[in-house]
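Have a look at the structure below before the remarks.
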Amino acid sequence: MAEADQVRALRRALRIHLEYWGLHELTDAAELCASELVANVIKHVGPETPSTLVASLGVARLRIEVHDPDARALPTLACASLDAEVGRGMALVDAMSDRWGVVLAGDHKVTWCEFRIDVARTERRHVLMPRLARAADVLSLYSVSGAMQQPLEQGRLSAVLAEEAAINAISDLLHWFRAQGRDADDALDRAQSRFEAECEARLS
């Protein structure tokens, strides 16, 4: 649901995804645009409108979408200054992103914006993406009501369910180590060390 008190949780979820993707330099602009797109739904379609925020990563672009069920209330680029009280939402999106648009899809619309990505980062991102894909496959086995299928779906519940599924997966793996006669704490320490080393390598 599109609600003002959910915007902060959405920004945090988006920030986490961008950090995993190594796109720290886009965090501020992407969070701002996502907030404005959601706020646009709240203002022009209505509070508590069923809507979904989606972030996707291409070879050279980050794309952010907001889906809502009203194909009539189209966002427009008003002639408002950046310090104006009203009418500046899409102006901010236009200024902060590389391009934006609206897709009409029958009974709903998709408002989107895109950001160019430094192609030099592509190789390092591809090292990480298989890990995220494998993690999503594992968590899909834990019946989290689709939270991992829609990682940025609005609402705190889906994020809480996804986090709980991840904790359950880690716990099960530690039980597996113990059942094999291995030291579960040592396995956890080794995994943490490998994770930190890979994070440092991506940032270097």
**Asked** Summing Lys, Arg as +1 and Asp, Glu as -1, what charge do residues with Cβ under 11 Å from the Cβ of GLU31 carry, GLU31 excluded?
**Response** +2
**Prompt:** By the scheme Lys and Arg +1, Asp and Glu -1, what is the net charge of all other residues having a beta-carbon under 14 Å from that of VAL93?
**Reply:** -3
**Message:** Quick check: Cα centre of the stretch 161-177 to Cα centre of the stretch 26-63, how many Å?
**Reply:** 30
**Fill in**
Cβ density ranking, 10 Å radius, fewest first, applied to GLU164, GLU196 yields GLU196, GLU164
**Request:** Taking the Cβ of LEU62 as the centre, find all other residues whose Cβ is under 9 Å away and add up their charges (Lys, Arg: +1; Asp, Glu: -1).
**Result:** +2
**Equivalent ellipsoid dimensions for the stretch 4-117 as semi-axes, Å, which come from the Cα gyration tensor, largest first** = 21, 16, 14
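Taken together, the values in this text are just the output of simple stated rules run on the coordinates, not laboratory data. These numbers come from a predicted model, not from an experiment. Heads up, the Cβs are rebuilt from the backbone with ideal geometry, glycines too, and the neighbour counts pull from every protein chain shown.
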